[in-house]
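Below is one structure, written out as C-alpha coordinates, with a few remarks after it.
The values are calculated or read from the model by the stated rules, or taken from the named source; none is laboratory data. Since the structure is predicted, the reported quantities are computational estimates derived from the model, not experimental observations. Here the Cβ positions follow ideal geometry from the backbone for every residue, glycine too, while neighbour counts run over all protein chains shown. Keep in mind that these areas ignore ligands, DNA and RNA; they rest on the heavy atoms of the full protein, side chains included. Shrake-Rupley method; radii C 1.70, N 1.55, O 1.52, S 1.80 Å.
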Amino acid sequence: QVQLVESGGGLVQAGGSLRLSCAASGSIFGIGAMGWYRQAPGKQRESVAAISSGGTTNYADSVKGRFTISRGNAKNTANLQMNSLKPEDTAVYYCNFFWGTRGYWGQGTQVTVSS
(Lines give C-alpha, C1' and ligand atoms only; values in the text may rest on other atoms or scores of the structure.)
Protein backbone atom coordinates (compact mmCIF):
# COMPACT_ATOMS: atom_id res chain seq x y z
CA GLN A 1 0.00 0.00 0.00
CA VAL A 2 1.07 3.54 -0.81
CA GLN A 3 -0.27 6.63 0.91
CA LEU A 4 0.10 10.24 -0.21
CA VAL A 5 -0.19 13.22 2.10
CA GLU A 6 -0.50 16.71 0.65
CA SER A 7 -0.25 20.05 2.36
CA GLY A 8 0.07 23.74 1.62
CA GLY A 9 -3.11 24.86 -0.12
CA GLY A 10 -5.03 27.96 0.85
CA LEU A 11 -6.32 31.35 -0.17
CA VAL A 12 -4.03 33.94 -1.72
CA GLN A 13 -4.42 37.16 -3.66
CA ALA A 14 -3.51 37.36 -7.31
CA GLY A 15 0.23 37.81 -7.69
CA GLY A 16 0.93 35.92 -4.50
CA SER A 17 2.68 32.63 -3.86
CA LEU A 18 1.90 29.25 -2.35
CA ARG A 19 3.95 26.11 -1.83
CA LEU A 20 2.41 22.66 -2.00
CA SER A 21 4.09 19.59 -0.57
CA CYS A 22 3.46 15.89 -1.09
CA ALA A 23 4.93 12.87 0.65
CA ALA A 24 4.50 9.29 -0.48
CA SER A 25 4.95 6.48 2.01
CA GLY A 26 4.33 2.77 2.31
CA SER A 27 5.63 -0.21 0.37
CA ILE A 28 7.97 1.72 -1.90
CA PHE A 29 11.41 0.39 -2.76
CA GLY A 30 13.01 3.14 -4.78
CA ILE A 31 12.26 6.53 -6.29
CA GLY A 32 9.00 7.08 -8.15
CA ALA A 33 7.88 9.78 -10.54
CA MET A 34 5.77 12.50 -8.98
CA GLY A 35 3.48 15.15 -10.33
CA TRP A 36 0.79 17.67 -9.61
CA TYR A 37 -2.57 17.84 -11.31
CA ARG A 38 -5.44 20.24 -10.81
CA GLN A 39 -9.16 20.26 -11.37
CA ALA A 40 -11.26 23.39 -11.47
CA PRO A 41 -15.06 23.26 -11.09
CA GLY A 42 -16.69 22.00 -14.27
CA LYS A 43 -13.36 21.18 -15.89
CA GLN A 44 -11.32 18.03 -16.44
CA ARG A 45 -8.32 17.22 -14.32
CA GLU A 46 -5.16 18.48 -16.00
CA SER A 47 -1.46 17.95 -15.51
CA VAL A 48 0.38 20.92 -14.04
CA ALA A 49 3.94 19.73 -13.42
CA ALA A 50 5.84 16.48 -13.14
CA ILE A 51 9.27 15.28 -12.10
CA SER A 52 10.71 11.93 -13.10
CA SER A 53 12.68 9.61 -10.87
CA GLY A 54 15.79 11.01 -12.55
CA GLY A 55 14.83 14.62 -11.92
CA THR A 56 13.54 15.63 -15.36
CA THR A 57 10.73 18.17 -15.07
CA ASN A 58 7.79 19.03 -17.29
CA TYR A 59 5.24 21.82 -17.02
CA ALA A 60 1.94 22.77 -18.54
CA ASP A 61 2.32 25.80 -20.81
CA SER A 62 -0.05 27.76 -18.59
CA VAL A 63 2.32 27.58 -15.59
CA LYS A 64 5.76 27.69 -17.20
CA GLY A 65 7.91 30.36 -15.64
CA ARG A 66 5.63 30.65 -12.62
CA PHE A 67 5.57 27.18 -11.03
CA THR A 68 8.53 25.05 -10.03
CA ILE A 69 8.39 21.38 -9.05
CA SER A 70 11.24 19.94 -7.02
CA ARG A 71 12.15 16.93 -4.95
CA GLY A 72 12.06 17.28 -1.20
CA ASN A 73 14.89 16.22 1.08
CA ALA A 74 13.13 13.00 2.04
CA LYS A 75 12.75 10.23 -0.52
CA ASN A 76 9.56 10.35 -2.53
CA THR A 77 8.56 13.83 -1.52
CA ALA A 78 7.90 16.69 -3.90
CA ASN A 79 7.12 20.36 -3.67
CA LEU A 80 5.34 22.72 -6.03
CA GLN A 81 6.32 26.35 -5.65
CA MET A 82 3.64 28.51 -7.23
CA ASN A 83 4.47 32.17 -7.85
CA SER A 84 2.60 34.97 -9.62
CA LEU A 85 -0.65 33.17 -9.01
CA LYS A 86 -3.66 34.08 -11.12
CA PRO A 87 -7.40 33.61 -10.46
CA GLU A 88 -7.43 30.97 -13.19
CA ASP A 89 -5.06 28.87 -11.08
CA THR A 90 -7.92 28.29 -8.65
CA ALA A 91 -8.56 24.54 -8.40
CA VAL A 92 -8.15 21.47 -6.27
CA TYR A 93 -4.55 20.33 -6.66
CA TYR A 94 -3.78 16.61 -6.52
CA CYS A 95 -0.44 14.95 -6.03
CA ASN A 96 0.29 11.90 -8.14
CA PHE A 97 2.94 9.29 -7.43
CA PHE A 98 3.86 6.66 -10.02
CA TRP A 99 5.68 3.58 -8.83
CA GLY A 100 6.07 0.25 -10.58
CA THR A 101 3.00 -0.11 -12.74
CA ARG A 102 0.58 1.96 -10.70
CA GLY A 103 -0.27 5.55 -10.07
CA TYR A 104 -1.52 6.79 -6.72
CA TRP A 105 -3.43 9.96 -5.88
CA GLY A 106 -3.48 12.25 -2.90
CA GLN A 107 -6.71 13.53 -1.39
CA GLY A 108 -6.36 16.97 -2.99
CA THR A 109 -5.76 20.41 -1.55
CA GLN A 110 -7.72 23.53 -2.44
CA VAL A 111 -5.93 26.53 -3.92
CA THR A 112 -8.00 29.69 -4.28
CA VAL A 113 -6.62 32.83 -5.90
CA SER A 114 -8.67 35.96 -5.43
CA SER A 115 -8.59 38.85 -7.90
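Some notes on this structure:
- Filtered residues of region 80-95 (kept if outside any loop (DSSP other than H, G, I, E, B), in contact (Cβ under 8 Å) with a residue 60 or more places away in the chain and open to solvent by less than 20 Å² (accessible area, probe 1.4 Å)): Leu80, Met82, Tyr93, Cys95
- Looking only at region 18-30, residues that are at pLDDT 95 or above and either out of contact with any strand residue (DSSP E or B) (no Cβ under 7 Å at 6 or more places or on another chain) or open to solvent by 60 Å² or more (accessible area, probe 1.4 Å) (or both) come to 1 in all.
- Residues that are in contact with a Ser or Thr (Cβ under 8 Å, 6 or more places away or on another chain), over 19 Å from Trp105 (Cα atoms) and not hydrophobic (A, V, I, L, M, F, W, C) do occur in region 17-25.
- Residues (charged (D, E, K, R) and modelled with pLDDT of 95 or more) located in region 72-115: Lys86, Glu88, Asp89
- Here Ile28 fulfils each of the conditions (1) closer than 14 Å to Phe98 by Cα; (2) assigned to a strand (DSSP E or B) apart from (2).
- Restricting region 31-64 to residues that are under 20 Å from Arg19 (Cβ atoms) and hydroxyl-bearing (Ser, Thr, Tyr), the residue that is surrounded by the most Cβ atoms within 10 Å (Cβ to Cβ) is Tyr37.
- Residue within region 56-69 that is assigned to a loop (DSSP other than H, G, I, E, B), under 16 Å from the mean Cα position of the chain (by Cα) and among the polar types (S, T, N, Q) present: yes
- Tabulated pairs, region 41-60, first without any contact (Cβ under 8 Å) to a residue 40 or more places away in the chain, second among the aromatic types (Phe, Trp, Tyr), C-beta under 7 angstrom, 6+ apart or interchain: Glu46/Tyr37; Ser47/Tyr37; Ala49/Trp36; Ala49/Tyr59; Ala49/Phe67; Tyr59/Phe67
- Put simply, of Asn79, Asn83 the only residue that is polar (S, T, N, Q) and more than 10 Å from the chain's Cα centre (by Cα) is Asn83.
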